[in-house]
Amino acid sequence: MASNTAPPVETAAQHPSGAATAAKAGYHPDLTNDDLAPLARQTWGGYNIFAFWMSDVHSVGGYVTAGSLFALGIASWQVLVALVAGILIVNVFTNLVAKPSQRTGVPYPVVNRAVFGVRGANIPAIIRGLIATAWYGVQTYLASQALTIVFLKFLPASAALLGPSFLGLDALGWISYGILWVAQAALFWRGMESIRRFIDFAGPAVYVVMIVLAVYLVSQAGWGAISLNLSAGPPLEFGASIPLMLSAVAIVVSYFSGPMLNFGDFARYGRSFRAVKRGNLLGLPVNFLFFSLLTVICASATVPVFGRLITDPIETVDAIGTPFAILLGGLTFITATVGINIVANFISPAFDFTNVSPRRISWRAGGMIAAVGSVALTPWNWYGDAQAIQYSLGVLGALIGPLFGILIAGYYLVGRQRIAVDDLYTMGPAGRYWYRGGVNPNAVRALVGSGLVSVAIAVVPALVVDLGGPSATWISDYSWFVGCGLGLVSFRFLERRRPQMPSLDAHDETVDDGTTVDDGTIVATA
């Protein structure tokens, strides 16, 4: 495969989303800018990918999710089996979505042009951008609550700010939210290299505090008081526990569904696909299991130490009560939440929104659109409302599975891992991804069909309960799997029935063949 032998020599600072790019004069300005073009250099190693997953796992949400699995009422060994099964599925799927972006050096919305068309790729980009924007606001709000606890502990006079409120949030909450909003925006504005250095630090820092917290709690409780079973009810029979084990697997996969879909935005920086896979192995099965065990040890120890089960790490350090513990724990978990927010909910919508209009919206501008939109949604008003989340984020989130399945089917099954990189930036019938007016109708049909089913599975059971009907909400745990499977099968069926994607020759020098030896080179042609 020919590589771009003479890209313009530019510095990473000129391209905040990454290193210098291999953009060409022939790329259409409505499809490219310096942030969307293929990278000329890919520099991330296995540790950088490992640190990415640490930032994603080591958060308040990850802590609570892991703890909740051990409280399902099944035996500890069954929880561990479910954790292993779920995280191995995530690892495999993450490698699948990583490969096309690592091979081509382009982010998720650009890779989707090969499947949805150069214009149709805006459909998954907008869907993903809206989901990330909403969760960006939620994560910022959760981190701001930890900062509020720090304020109240060290500045008692700040309690006076709990009275006045605006748009449903008290003045102290606005201050905490504003501080974190500005801090995250400042980090994002400095560019991808600064973000990489931040996540390289944040994940290990949380581990240090988690280990210290676990040692302290175990020393107070005594090792004999520690149990890996956090359930308060009687143990279930093996047969009755099988559905809960399957639900645990589904919960793990669903928790990582967003980062899985987004991962191409980070895999593009990997120096080789081998390095990306190594980082995924360390960051997912190894890291997640160790973090989960630390979580359940800490949560289990809260029962004898504080007289009640506490599954929120912020509440745990607050219960310890010492100023040092509150300061260290609060700031650490704030850092962890900022880490997951940046990697999961800031960078990806930046790529999504700039993909919609590369001429007018840069990567930085796309990120700020997401940041401003997250405030406009006032997440503090609806985050605690299960119905509001179910009928808003539940609908959007149910589309993640179909989007994932369609991309995998398009790249591996229909496209046979071959992408004509330059045509991802070609507008008009001359481009191989022009399809019908820039849109692949098969991809749109597959998304609509599988999306409707997935949304129904996610929303209808809760709606039935709200209307007084029988409960079958367990079905919603599997909406991602159903949506992914239907998206994959339906897109492949439609492409077989009425082919739209081009049949590319692996020997064509303008085509990247993903089955060739992984040497980490970029495939944009000269």
Verdict on residue 474 being open to solvent by 20 Å² or more (accessible area, probe 1.4 Å) and modelled with pLDDT under 95
yes
Answer yes or no as to whether residue 219 is surrounded by fewer than 17 Cβ atoms within 10 Å (Cβ to Cβ) and in a loop (DSSP other than H, G, I, E, B).
no
Among the candidates 459, 448, residue that is at pLDDT below 95, in a helix (DSSP H, G or I) and of a type outside the set (Asp, Glu):
459
Scan the range 268-280 and give yes if some residue there is more than 23 Å from residue 143 (Cβ to Cβ) and of a type in the set (Val, Ile, Thr), otherwise no.
yes
What is the one condition in (1) at pLDDT 85 or above; (2) open to solvent by 10 Å² or more (accessible area, probe 1.4 Å) that residue 346 does not satisfy?
(2)
Kindly check whether there is at least one residue in the range 53-70 that is modelled with pLDDT under 80, open to solvent by 20 Å² or more (accessible area, probe 1.4 Å) and not in a helix (DSSP H, G or I).
no
Look at the range 349-367 and say how many of its residues are crowded, with 24+ Cβ neighbours inside 10 Å and among the hydroxyl-bearing types (Ser, Thr, Tyr).
1
List the pairs whose first member sits in the range 194-209 and is more than 17 Å from residue 183 (Cβ to Cβ), whose second member is open to solvent by 40 Å² or more (accessible area, probe 1.4 Å) and of a type in the set (A, V, I, L, M, F, W, C), and whose Cβ atoms are under 7 Å apart, counting only residues at least 6 apart or on separate chains?
209/328
Helices (runs of 4 or more DSSP H) wholly in the range 264-327 with at least 1 residues that are buried (at least 24 other Cβ atoms within 10 Å of the Cβ), small (Gly, Ala, Ser) and at positive phi - which ones?
none
How many of the residues making up the range 424-445 are on the phi > 0 side of the Ramachandran plot, open to solvent by less than 20 Å² (accessible area, probe 1.4 Å) and at pLDDT 95 or above?
1
Pick out the one residue from 152, 130, 162 that is open to solvent by 20 Å² or more (accessible area, probe 1.4 Å), in contact with a helix residue (DSSP H, G or I) (Cβ under 8 Å, 6 or more places away or on another chain) and closer than 30 Å to residue 427 by Cα.
130
Of the conditions (1) touching a Pro at 6+ places or on another chain (Cβ under 9 Å); (2) modelled with pLDDT of 85 or more; (3) open to solvent by less than 60 Å² (accessible area, probe 1.4 Å), the single one that residue 249 does not satisfy is (1)
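The values are calculated or read from the model by the stated rules, or taken from the named source; none is laboratory data. Every value quoted in this text rests on a predicted model; they were computed, and no experiment measured them. We place every Cβ from the backbone using ideal geometry, glycine too, and count neighbours over all the protein chains shown. We work out accessible area using only protein heavy atoms, side chains counted, and drop any ligands, DNA or RNA first. Shrake-Rupley method; radii C 1.70, N 1.55, O 1.52, S 1.80 Å.
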